[in-house]
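One structure below.
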Amino acid sequence: MIHRFLGRLRRRLGDAQAWRSARRDWDVAPYDPAPQALDDARGTLERILTENILPFWYPRTIDAENGGFRINHDERGEWVGQGCNRHLVSQSRTAWFFARLTNSAHRSDGHSAAARHGFEFLRDRLWDEEFGGFFWEVDGTGRTPIKLEKHLYGQSFGLYALAEYAIATQDAQAVSMARTLYGLLERHAHDGDNGGYREFLHRDWRPAEPSAATYMEDRADLKQFNTHLHVLEAFTRYYHLVQEPEVRNRLTELILIMSNAVVRKPITGCRNAHDDDWTPQDPATSRVTYGHDLENIWLLIEACEAVGLPNALLCDLYETLFYNAWRFGFDHRHGGVFYQGPPGKFAAARQKIWWVQAESLLCALHMHRLTRKKAYFRCFTKTLEWTTRYQIDWNLGEWHRRISPTGVSSGKKSGDEAGAWKAPYHNGRAIIRCLELVSEEQARSRDRM
């Protein structure tokens, strides 16, 4: 026991010393990265996308027999067979990824065909023809629905994929399905009294019993920060598609929720579980999940840009949330970002999860773009260095799900390479968008010369 105590003490002292050293960068502004630093970052990002992410997901995950994607690969990257059910979240995320590629500078005919392939599975296998919306889960062939209830988390990813695909292709059927799904959410899930959305409903869109357990093991009567985070991103993309005042109003409502209702006062991060009226249900001492807070920042930035709200109005919030995650959640000694920690204290859950690194990369670049502070670009470069060296599986493809805190730098790697919750969404989205932001920064750098 004394050895564990001394180990924790040394770790905390090391965290504090490393943070004090990194703190010097925080107030350095404006900071313009050197052209070579931008060239290096772009080269690394392109290598990750083209040599690591894409080769894993395309074409091996395309299921030509049953449609959709094979997303059940073990930690060796090997497909574990047809018996696994197909889940709305992972199928939507993968369809979204190929549609997003089609909307990027890295598009190809094969990616466009994969996006169409994913859309057709959503349309033909996961869409509820009787009541509208998507099933949560179907069997491995896609022909038999397994979980029929409507969960807002899954519906959000369905809308996200439909909107991205419709933007990429202008496919009339995809546009129609997106409009139908948005209308169902507005009629049956929106809370007109308190704002936000009810999260769990029966197949026919009747509200579920308040005490019912959702597919994500939450109570049906709670509103979750994590779920509304993905409603925000889906509605942002849907608004880009339709440009309608009603959708703009609802997106503005979500901006208020995600920048105020879910934020702890005083600000040390965001809380997850809330009653209908946004009264927090998780304790004030509950842990902060750094990746979600950082994801919330950049999604708010892009939502404000979509509806034409100045991000200067929320910049202090962004900086406060980022500073908390940066001080207590970033590994200032080795790079990378830890998973969770108690409010106002250094991280306690110190494993490094793949999606947390992805959200941290993208948030840091967005914040540098917004503030020009050196600390944000340094966070980006250190996280990219860690991710490239340790989180990415360069032998088998994709990113390691988690790396344990054992060991000074690398630790033990574990977790499936692909599954119900692991698709080319967090890391694919982050790398594509980071490439776009770095390209913008390179253009800005050339304009200064």
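The values are calculated or read from the model by the stated rules, or taken from the named source; none is laboratory data. This structure is a prediction, so every number in the text was calculated from the model and none was measured. Every residue, glycine among them, receives a Cβ derived from its backbone with ideal geometry; neighbour counts consider all protein chains shown. With ligands, DNA and RNA removed, areas are computed over all heavy atoms of the protein, side chains included. Shrake-Rupley method; radii C 1.70, N 1.55, O 1.52, S 1.80 Å.
Of all residues in region 326-340, none are within 28 Å of Thr252 (Cβ to Cβ) and open to solvent by 40 Å² or more (accessible area, probe 1.4 Å).
Residues satisfying the criterion are absent from region 52-66 (criterion: out of contact with any Ser or Thr (no Cβ under 8 Å at 6 or more places or on another chain), among the β-branched types (Val, Ile, Thr), at pLDDT 95 or above and surrounded by fewer than 16 Cβ atoms within 10 Å (Cβ to Cβ)). For region 59-92, a residue qualifies if it is closer than 30 Å to Lys382 by Cβ and part of a loop (DSSP other than H, G, I, E, B), and the qualifying residues are Glu75, Arg76, Gly77.
Sort through Trp386, Trp394 and tell me the only one that's crowded, with 18+ Cβ neighbours inside 10 Å and at pLDDT 95 or above.
From the options Trp386, Trp394, the qualifying one is Trp386.
Tallying residues that are open to solvent by less than 30 Å² (accessible area, probe 1.4 Å) and either of a type in the set (D, E, K, R) or within 19 Å of Thr279 (Cα to Cα) (or both) within region 191-225 yields 11.
Quick check: is even one residue across region 249-265 among the β-branched types (Val, Ile, Thr), in a loop (DSSP other than H, G, I, E, B) and open to solvent by 50 Å² or more (accessible area, probe 1.4 Å)? No, the conditions are met nowhere in region 249-265.
Every residue, every condition in (1) among the polar types (S, T, N, Q); (2) part of a helix (DSSP H, G or I); (3) more than 15 Å from Arg42 (Cα to Cα); (4) within 16 Å of the chain's Cα centre (by Cα), yes or no:
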{"position": "Gly344", "(1), (2), (3), (4)": "no, no, yes, no"}
{"position": "Leu370", "(1), (2), (3), (4)": "no, yes, yes, no"}
{"position": "Phe377", "(1), (2), (3), (4)": "no, yes, no, no"}
{"position": "Asp416", "(1), (2), (3), (4)": "no, no, yes, no"}
{"position": "Glu436", "(1), (2), (3), (4)": "no, yes, no, no"}
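Kindly indicate whether any position in region 130-150 is in a helix (DSSP H, G or I), under 26 Å from Gly419 (Cα atoms) and open to solvent by 20 Å² or more (accessible area, probe 1.4 Å). No: zero hits. Checked against (1) open to solvent by 50 Å² or more (accessible area, probe 1.4 Å); (2) part of a helix (DSSP H, G or I), Glu233 meets all criteria but (1).
Of Gln91, Gln36, which residue is more than 30 Å from Lys150 (Cβ to Cβ), modelled with pLDDT of 95 or more and among the polar types (S, T, N, Q)? Of Gln91, Gln36, the one residue that is more than 30 Å from Lys150 (Cβ to Cβ), modelled with pLDDT of 95 or more and among the polar types (S, T, N, Q) is Gln36. When region 160-177 is limited to residues that are of a type in the set (A, V, I, L, M, F, W, C) and closer than 21 Å to Asp128 by Cβ, the one that is most open to solvent (accessible area, probe 1.4 Å) turns out to be Ala172.
The numbered conditions (1) part of a helix (DSSP H, G or I); (2) touching a helix residue (DSSP H, G or I) at 6+ places or on another chain (Cβ under 6 Å); (3) surrounded by fewer than 20 Cβ atoms within 10 Å (Cβ to Cβ) are all true for Thr180 except (2).
All of (1) in a helix (DSSP H, G or I); (2) under 24 Å from Leu384 (Cβ atoms) hold for Asp316 with one exception: (2). Candidates in region 86-129 are the residues that are more than 16 Å from Ala234 (Cβ to Cβ) and touching a residue at least 60 places away in the same chain (Cβ under 8 Å); of these, the one that is most open to solvent (accessible area, probe 1.4 Å) is Ala105.
Among the residues of region 350-372, those that are aliphatic (A, V, I, L, M) and either closer than 21 Å to Cys304 by Cα or open to solvent by less than 10 Å² (accessible area, probe 1.4 Å) (or both) comprise Val356, Ala358, Leu361, Leu362, Ala364, Leu365, Met367, Leu370.
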